[in-house]
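Quick notes on the structure that follows.
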Amino acid sequence: MFAKIVAVATAAAAAVTLSATTASAAPRKTTKAKAVKVVSFEQRLNDAVNRVPGARSATWIVADKGAWGATDLSRGVVYIAPRTPATRILDVVRHEWVHVQQGRIYGGIDAARAGLAHVGGIEIIADCGAKALGAKWTHYTKRCNAAQVSASKRVLAGQPG
């Protein structure tokens, strides 16, 4: 899905020469600059998708649809905004993956909304599912009640909530 992109940047040159500040003929010291690993947003997203069981089966696109993440439930296409903080990418991927599952189970957003209304709706269940997958941060809820935890686990298992 994503090319593995890693850029390596080095300081202006492979070596930096330090010279003595006195007029004496002090020996010159050479120190090699350390390579800095620069990881692209696409690579961070790819790494996050790889950490969520089953998530590779969805289509993941880097595009800003107005939120950090957005999912087309009828097509299983997920959009992740490149402005998503690096510290939140994995949790956003977990949340959006639950939406993919909702779409697969219910066939689209309207049916998913109707099917999950009794337990708080699609966003609450996506957050509870993300928590079940290990998310430390969620946007819509901080706590899930027993019914929401149960429904989110059913959705993650591919069953109606």
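The values are calculated or read from the model by the stated rules, or taken from the named source; none is laboratory data. Here the structure is a predicted model, which is why all the values come from computation and not from measurement. Note that we place each Cβ from the backbone using ideal geometry, even for glycine, and neighbour counts take in every protein chain shown.
Given the residues HIS99, HIS95, which is the only one that is modelled with pLDDT of 85 or more and more than 13 Å from the chain's Cα centre (by Cα)?
HIS99
Conditions (1) within 15 Å of ARG94 (Cα to Cα); (2) assigned to a helix (DSSP H, G or I); (3) touching a helix residue (DSSP H, G or I) at 6+ places or on another chain (Cβ under 7 Å); (4) without any contact (Cβ under 8 Å) to a residue 24 or more places away in the chain, marked per residue:
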site: ALA114; (1), (2), (3), (4): no, yes, no, yes
site: ALA117; (1), (2), (3), (4): no, yes, no, yes
site: GLU123; (1), (2), (3), (4): yes, yes, no, yes
site: GLY129; (1), (2), (3), (4): yes, yes, yes, no
site: CYS144; (1), (2), (3), (4): no, no, yes, yes
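Would segment 102-110 turn up any residue that is in a loop (DSSP other than H, G, I, E, B) and farther than 17 Å from VAL49 by Cα? So that I can check it myself, show each step before the final result.
Looking only at segment 102-110, we keep the residues that are in a loop (DSSP other than H, G, I, E, B), and these are 107-108.
Subset that is farther than 17 Å from VAL49 by Cα: 107-108.
Yes; the residues of segment 102-110 include at least one that is in a loop (DSSP other than H, G, I, E, B) and farther than 17 Å from VAL49 by Cα.
Among the residues of segment 1-8, is there at least one that is at pLDDT below 75 and under 14 Å from the mean Cα position of the chain (by Cα)?
Checking segment 1-8: at least one residue is at pLDDT below 75 and under 14 Å from the mean Cα position of the chain (by Cα).
Residue by residue, here is whether (1) of a type in the set (Gly, Ala, Ser); (2) assigned to a loop (DSSP other than H, G, I, E, B); (3) free of Cβ contacts under 8 Å to residues at least 24 places away in the same chain; (4) in contact with a strand residue (DSSP E or B) (Cβ under 6 Å, 6 or more places away or on another chain) holds:
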position: TRP60; (1), (2), (3), (4): no, no, no, yes
position: LYS65; (1), (2), (3), (4): no, yes, yes, yes
position: ARG75; (1), (2), (3), (4): no, yes, no, no
position: PRO82; (1), (2), (3), (4): no, yes, no, yes
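Tell me yes or no: at least one residue of segment 48-70 is surrounded by 13 or more Cβ atoms within 10 Å (Cβ to Cβ), over 20 Å from GLY158 (Cα atoms) and of a type in the set (Asp, Glu).
Yes, there is a match, as at least one residue in segment 48-70 is surrounded by 13 or more Cβ atoms within 10 Å (Cβ to Cβ), over 20 Å from GLY158 (Cα atoms) and of a type in the set (Asp, Glu).
Are any residues in segment 85-106 surrounded by 22 or more Cβ atoms within 10 Å (Cβ to Cβ) and among the polar types (S, T, N, Q), and if so, which ones?
Listed by number, the residues that qualify are GLN101, GLN102.
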